[in-house]
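**Q** The structure's right below; bear with me while I get my questions together.
What follows draws every value from the coordinates through simple rules; no lab data is involved. Everything numeric in this text was worked out from a predicted model, so none of it was measured. Glycine gets a Cβ as well: all are built from the backbone with ideal geometry, and neighbour counts include every protein chain shown.
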Amino acid sequence: MKKITLSIAALALFSASFAQNLDRSIRPKPGPAPEIKLGDAQSFTLPNGLKVFVVENHKLPTVSYSIQLNIDPLEDPAKSGLGDFIGSLITAGTKTMPKEKFDEATDMIGATLQASSGGIFGNSMTKHQDVLLKLMSDALMNADFQQSELDKLKKQALAGLEQAKNEPDQMLENVTNVLNYGKAHPYGIVTTEKTVGNVTLADCKSYYTTYFRPNVAYMAVVGDITLKEAQTLVTKYFGKWEKATVPSITYPKVAAPTKTTVDFVPRDNAVQSVVGVTYPIDLKPGTPDVIKVRMLNEILGGSGTGRLFLNLREKHGWTYGAYSSFKNDKEVGEFQAYAKARNVVTDSSVNEIMEEMKRIRNEKVDAATLQDMKNYVTGTFAIGLESPQTIAQYAINIERYKMPKDYYKNYLKNVAAVSVDDIQSTAKKYVNPDAAHILVVGDKAEADKLKRFAADGVVHYYDNYGNTVEAPVVKAVAADVTPQSVIAKYIDAIGGKAAMEGLKSLVTEGAAEAQGQQIKIVQKVVSPDKYLMSVVVPGMGEVQKITVSGTSGKMSSMGQSQDVPADMLGSFLEQADLQADLHPEKYGIKMSMKGVEKVEGADCYVVEKVSDKGSKSVSYYDQKTNLLLKEVKTDASGTTQTTLFSDYKAVTGGNGYKAPYGIKIQSAQGTQELKVVKMEANKTVSDSEFK
Amino acid sequence: MKRIILSMSLLASATIGATAQERKINFTEYDLPNGLHVILHEDHTTPIVNVSVMYHVGSKNEDPKRTGFAHFFEHLMFEGTENIGRGEYFKMIQANGGVLNANTSQDRTYYFETMPSNQEELALWMEAERMVHAKIDSTGIETQRKVVKEEKKQSYDNRPYGHLMEVVFQNAYTKHPYNWMPIGSAQYIDQAGYGEFMDFYKTFYVPNNAVLVVAGDIKPEQTKKWIEKYYGGIAKGTKAIPRPTEVEPAIGQEKVAYYYDNVQLPAVIIAYHIPKIGSDDAYALEMLNKLLSNGSSSRFQKEIVDKQQKAVGVGAFNFPLEDNPGLSMMFGIANMGVDYKDMQKSMDAEIEKVRTQPIGAEEFKKLQNQVENDFVNSNSKIAGIAENLATNYAYFKNTNLVNTELAKYQKVTAADLTRVAKKYLNKDNRLIVYYLPKSMEKK
């Protein structure tokens, strides 16, 4: 008995001391690598040509159906944007079920149902799959395209484009596509307000009836279902889907650059440059190079442990992230090295990206790093298999891209086989620092420093749609042209000094449209120190009003009012002074000549005006007409706003005084257009209006 | 080749066998003598393993003069340990084929890794390193101060409506530490000293305040041995673990707050005090929120967005909070040119309707179907199951809730929805936040 107690005590003691003596510095070694079992998809084909892949997975009582179209649609470049409307239109009601009923029925079974221009996806619990399939097949065959829905979608698309105009990543993407593929290639088509405007309901219907056909479709059925059940259900719901000849286009050939070019998209008020070093590559899905390129990319810049990230962010702190990618595609793929960097380090960032591209070609990579990357790729491959959708997608890829049948089964074996030498030879084939587009979206002041990277020593300029534009700052200004002389000519152009001096008051009525609402704006000024602005929205009344008189002012909005803060008062008083252009010194403004730049095709003198209060404005005066076309204002807190002026006309009662009737304001919130409806000078305005 | 076919058909028969059974999530659980609660869930479908640790500490455990501390601490916990160098934690997981992350809420902090299953021991060792001797030093503190400030800028300050939650919680709670959000204030983190960090670590990052979950392709007997090896020797915490005791008073009468931000469209948020998560009425209220805003045919969506076009977006949901009172929130973002008060009227009309008119059988059936669908999908991945297991134990000491929760929803009747609407969705129990464009600001 005693012995037993003793041994128990000893045991307890042992386990305690075992814990204390654990050497925690020893890192556990991995166990034997698990077998990564890659399930097979079963498949069958309906008489109408629909190819179906079934992956059984009974872990959850749910099932998903997804249809992918294998099409190369003929895209009318003049109607680009059409594809984005198709999906929403397909699920917005059918010939027998209006939108409301359709939504109701989808929600009733707690299902997901979404479509795009390339297919449709539905997911529900297995017990509700009959209803899901009924809705899905109805949408697929009998969608009822309504003009009102398209109108709603187009409006949303236009708002989105407006926001994207000044969005640097969107600008980079547009121009990248144009540079790499050319505007004649479907991958190089750019969507604009105009192309969206051209899309008609008939175009959408035609797309739907042409391309949504079973003989060009792959369907993945995944989840809690057997092959037999899938056969029965798919035949029942999609057997009647009619096949038809689907046209297919042959894509034009794409030319890769032969020398390195520098391509620049100027962006007003940029604080960061977006850099994309890019060119098209020939890398088709399923070819032996794809896996080697994948490993190459992991080392060059695939993630936060890639070289680009470690260099540009960890070592230099120039950016939040820097990455590379090699896109494989059955027509033409693409390489890109990407970073967003502070303005002043734009050229340094380009330099390091180019150096990393050279280094991976010229030096062998470290074997241990390659092994780490292989482990990562292997691990994430296994994690990806947790989703049964992955298996279905693999089966479809094999069929669609005519890949070897055992491509994915051998994937990890092929990853493991990639050698240090493979990485270098692959880099020599696919990494081309000497034949690339160095594309930068950013402040034009940074552009010239990039010349040294260009084989031709020149910076090529583009607008955000990929159209070639002239260099924004090129021409020198003649010695006798000063800010004062430019402004004097401007004053002459809008009616002359006498007319301006004679201005006592100015009453302007303007109209703006925002999301379908007409907004009325009234501005009244009595020089030199009375100002009123009122914004009226129909149905809501006056939503905003500002009045300034002398040294005080009031702002009211939605029934609440307050005094105009002292720091804002100055800017209103400047607007209240109709002769402000005649005496800038009164507002502490110092002017300097910045050069000549183009604004919408017109050469303009650029005059910078800096006030002693910390705000800055840059004005663009047309060399030919002398009129002010553009103004970029930056307030003391750094907020900028760009205003474009057009349509100068004589003002009623102004003795020849002219003012712009077209005004376009661009700010971080988007673009707002304002049309002047009526403008009258020297009309009597009662002082009481400014109280 | 033949062997592959054979093993495939074996696999198929194995999965068919599983169909016949109920789709129950099996697990075993036990406590180590030091108080660490361990939950093991075995599933060999994919050769991966999820290792995660939930520490029962969140922003509600913070000193009001040190808000943001728990979340900041989460960042510090990636800086390294005595045996894992600075910056190596992330790299080590990735170089061994895994992915990792962490997050902090009001109530808990959660760390998780998904790895190939042969790396299970490594992940267990790494989480133990974090628990036993994480490296807390001035370099790490300085680095993470910068990173967290950037995170705050990117995710809150620079994002439209980024301060919405902060404003709601600030006004919905006056006494309870739910008053502030986990991101907290950068200024307080700058003020915190080294001693405070160590004290926080020794108080909350102890085995008796943690749940360890190992889920996936594991052999439980082997897993238990490793857990004993790496966690058995970690000392139990000696400090008392403080939990908030503040009792939040009832709202009493409708409270209104205004906030002005760089947004273009006004938003209205209506928030009600409700019972904490896990209570019967909270389940009913969650269904009520789905009735209002889940799917294109939900009442808010159909009426206010599609028909009246007064809002561009609407929503209603319960915020998952462990303590009483919880919070149910509804929001609307006004359409261009629409008075936000007018949009609020439409929201109020729908709320009044659920308070006064019974819910039809058809619509109720829809709700039940949606609830079932959402519940089923919440357990689709190993990582999701692991978190559900950890949460159910940490909050309710009821790990099996992962299997029984659906029954709690199914118990709710249509009449219950009307009852809870009447009981909680009252004007004297609500906060209204007007989140408006800066241009509407009065000073």
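**Q** Could you pull out which residues in region B:92-120 have an amide N less than 18 Å from a spot 7 Å beyond the Cα of A:Asp366, following the Cα-Cβ vector?
**A** Output list for this probe position: B:92-97.
**Q** Using a Cα-Cα cut-off of under 20 Å, which aspartates and glutamates could be cross-linked to B:Lys24, ignoring same-chain neighbours fewer than 8 residues away?
**A** Once the sequence-local aspartates and glutamates are set aside, what remains near B:Lys24 is A:Glu56, A:Asp224, A:Glu386, B:Glu42, B:Asp43, B:Asp217, B:Glu372, B:Asp374, B:Glu387, B:Glu405.
**Q** Here's something else I'd like to know. Give the average, rounded to an integer, of partner chain Cβ atoms located within 10 angstrom of each Cβ in A:96-105.
**A** Working: counts 0, 0, 0, 3, 5, 1, 2, 7, 8, 2.
Mean partner-chain Cβ count within 10 Å for A:96-105: 3.
**Q** Helix A:346-362 versus the longest principal axis of chain A: what angle, 0 to 90°, nearest 10, using Cα atoms?
**A** 30
**Q** Next up: Which order results if A:Ile423, B:Ile385, A:Ile491 are arranged by neighbouring Cβ count within 10 Å, fewest first? Each step should come with its number before you reach the end.
**A** Values: A:Ile423 24, B:Ile385 21, A:Ile491 18.
With the sparsest Cβ surroundings first, the list reads A:Ile491, B:Ile385, A:Ile423.
**Q** Are any of the pairs A:Lys444/B:Lys152; A:Lys451/A:Lys594; A:Lys504/A:Lys664; A:Lys545/A:Lys664 more than 23 Å apart by Cα-Cα distance, and if so, which?
**A** On the way: A:Lys444/B:Lys152 30 Å; A:Lys451/A:Lys594 21 Å; A:Lys504/A:Lys664 26 Å; A:Lys545/A:Lys664 21 Å.
Going by Cα-Cα distance, A:Lys444/B:Lys152; A:Lys504/A:Lys664 fall outside the 23 Å limit.
**Q** Taking the Cα of B:Ala235, stepping 7 Å toward and past its beta carbon, and measuring to each backbone N in region B:46-90: which are under 20 Å?
**A** B:81-83
**Q** Another question about this same structure. Can you pick out the pairs among B:Lys65/B:Lys91; B:Lys236/B:Lys397; A:Lys524/A:Lys554; A:Lys649/A:Lys691 whose Cα atoms lie more than 26 Å from each other? Working shown, then result.
**A** Numbers: B:Lys65/B:Lys91 34 Å; B:Lys236/B:Lys397 19 Å; A:Lys524/A:Lys554 15 Å; A:Lys649/A:Lys691 31 Å.
Violating the 26 Å Cα-Cα cut-off are B:Lys65/B:Lys91; A:Lys649/A:Lys691.
**Q** Further, regarding this structure: Once you put a point 7 Å from the Cα of B:Lys365 and another 7 Å from the Cα of B:Ala349, both along the Cβ direction, what distance in nm separates them?
**A** Roughly 2.8 nm, to one decimal.
**Q** Leaving out same-chain residues fewer than 8 places away, which aspartates and glutamates sit with a Cα under 20 Å from that of A:Lys292?
**A** Hits, sequence-local ones excluded: A:Asp282, A:Asp329, A:Glu331, A:Glu334, A:Glu356, A:Glu363, A:Asp366, A:Asp372, A:Asp406, A:Asp421, A:Asp422.
**Q** Counting Lys and Arg as +1 and Asp and Glu as -1, each charge on the Cβ, what is the dipole of the protein assembly as shown about the Cα centre in debye, to the nearest 20?
**A** Details: 133 positive and 134 negative charges, 187 e Å.
In debye, rounded to 20, the protein assembly as shown gives about 900.
**Q** Can you work out ³J(HN,Hα) from phi for every residue in region A:268-281, in order, using Karplus 6.51 cos²θ - 1.76 cosθ + 1.60 and θ = phi - 60°, giving whole Hz and x for Gly and Pro?
**A** Computed from phi, the couplings for region A:268-281 are 4, 6, 5, 10, 10, 9, 9, 10, x, 8, 8, 6, x, 10 Hz.
**Q** Apply 1/(1 + (r/R0)^6) to the Cβ-Cβ distance of A:Ser552 and A:Val469, taking R0 = 41 Å, and write down the FRET efficiency to the nearest 0.05. Display every interim value, and only then the final one.
**A** Numbers: r = 47 Å, r/R0 = 1.14.
Once the sixth-power term is evaluated, E becomes 0.30.
**Q** So for chain B, Kirkwood radius off the Cα pairs, Stokes-Einstein at 37 °C and 0.692 mPa s: how many µm² s⁻¹?
**A** Working: Rh = 24.0 Å.
So the translational diffusion coefficient is about 137 µm²/s.
**Q** Still on this structure, please answer the following. Packing-wise, with mean Cβ within 10 Å as the measure, how do A:38-51, B:95-108 rank, highest first?
**A** On the way: A:38-51: 17.3, B:95-108: 20.6.
Descending packing order for the listed peptides: B:95-108, A:38-51.
**Q** As I understand it, the value is the acute angle between the Cα axis of helix B:120-133 and the longest principal axis of the Cα atoms of chain B; what does it come to in degrees, rounded to 10?
**A** Approximately 70 degrees, to the nearest 10.
**Q** Rounded to two decimals, what is the ratio between the C-alpha radius of gyration of the protein assembly as shown and 2.2 N^0.38 Å?
**A** Values: Rg = 33.0 Å, N = 1134, 2.2 N^0.38 = 31.9 Å.
Rg over 2.2 N^0.38 Å, computed on Cα atoms: 1.04.
**Q** What ranking do B:162-169, B:177-184, A:546-553 get when scored by the average of other Cβ atoms within 10 Å per residue, highest first? Please report the intermediate quantities before stating the final value.
**A** On the way: B:162-169: 19.5, B:177-184: 21.5, A:546-553: 17.2.
The peptides rank, most packed first, as B:177-184, B:162-169, A:546-553.
**Q** Okay, next question. Suppose R0 equals 22 Å; then what is the FRET efficiency for A:Asp203 and A:Ser248 from their Cβ-Cβ distance, rounded to the nearest 0.05? Write down the numbers at each step before the final one.
**A** Numbers: r = 18 Å, r/R0 = 0.84.
Computed FRET efficiency for A:Asp203 and A:Ser248: 0.75.
**Q** Relative to the longest principal Cα axis of chain A, at what angle does helix A:147-164 sit, 0 to 90 degrees, rounded to 10?
**A** 80
**Q** Now for a separate question. What spacing in nm lies between the two simple spin-label points modelled at B:Lys219 and A:Asp76, each 7 Å away from Cα in the Cβ direction?
**A** 6.7
**Q** Further, regarding this structure: For peptide B:362-371, compute the average count of partner chain beta-carbon atoms within 10 Å of each residue's beta-carbon. Let's see the in-between values first.
**A** Numbers: counts 2, 3, 0, 2, 6, 3, 1, 10, 5, 1.
Per residue, the average neighbour count from other chains is 3.
**Q** Let's test the formula: R0 of 56 Å, r as the Cβ-Cβ distance of B:Thr356 and A:Ala476. What FRET efficiency results, to the nearest 0.05?
**A** Values: r = 77 Å, r/R0 = 1.37.
Once the sixth-power term is evaluated, E becomes 0.15.
**Q** Then there's this: For region A:599-635 and region A:488-558, what is the separation of their C-alpha centers, rounded to whole Å?
**A** So the two Cα centres are separated by 21 Å.
**Q** Does anything in region B:220-260 have its amide N under 19 Å from the 7 Å Cα→Cβ label point of B:Tyr156, and if so which residues?
**A** It comes to B:258-260, nothing else.
**Q** Evaluate peptide A:562-569: per residue, the Cβ atoms of other protein chains within 10 Å of its Cβ; return the mean as an integer. Before the final figure, lay out each step's value.
**A** Working: counts 3, 2, 1, 1, 0, 0, 0, 0.
Per residue, the average neighbour count from other chains is 1.
**Q** Separate question: Which semi-axes, in whole Å and largest first, does the equivalent ellipsoid of region A:42-238 have when worked out from the alpha carbon gyration tensor as the square roots of 5 times its eigenvalues?
**A** On the way: eigenvalues 216, 75, 51 Å².
The answer is 33, 19, 16 Å, longest axis first.
**Q** Looking at the protein assembly as shown, send over the antiparallel percent of its DSSP beta bridges, to the nearest 5.
**A** Values: 182 of 211 bridges.
DSSP beta bridges in the protein assembly as shown are roughly 85 percent antiparallel.
**Q** Just tell me which aspartates and glutamates come within less than 18 Å, Cα to Cα, of B:Lys149; anything on the same chain fewer than 8 places away is out.
**A** The reachable aspartates and glutamates, counting only those whose Cα sits under 18 Å from B:Lys149, are A:Glu314, B:Glu74, B:Glu79, B:Asp157, B:Glu166, B:Asp190.
**Q** Just add up the charged neighbours of A:Thr191: K/R +1, D/E -1, any other residue whose Cβ is under 13 Å from the Cβ of A:Thr191.
**A** Values: positive: A:Lys79, A:Lys154, A:Lys165, A:Lys183, A:Lys194; negative: A:Glu75, A:Asp76, A:Asp84, A:Glu162, A:Glu173, A:Glu193.
Value of the local net charge: -1.
**Q** If you don't mind, another one. Using the Cα centre of chain B as the reference point, and only Cβ charges (+1 on K/R, -1 on D/E), how large is the resulting charge dipole? Debye, rounded to the nearest 20.
**A** Numbers: 52 positive and 54 negative charges, 144 e Å.
So the magnitude is around 700 debye.
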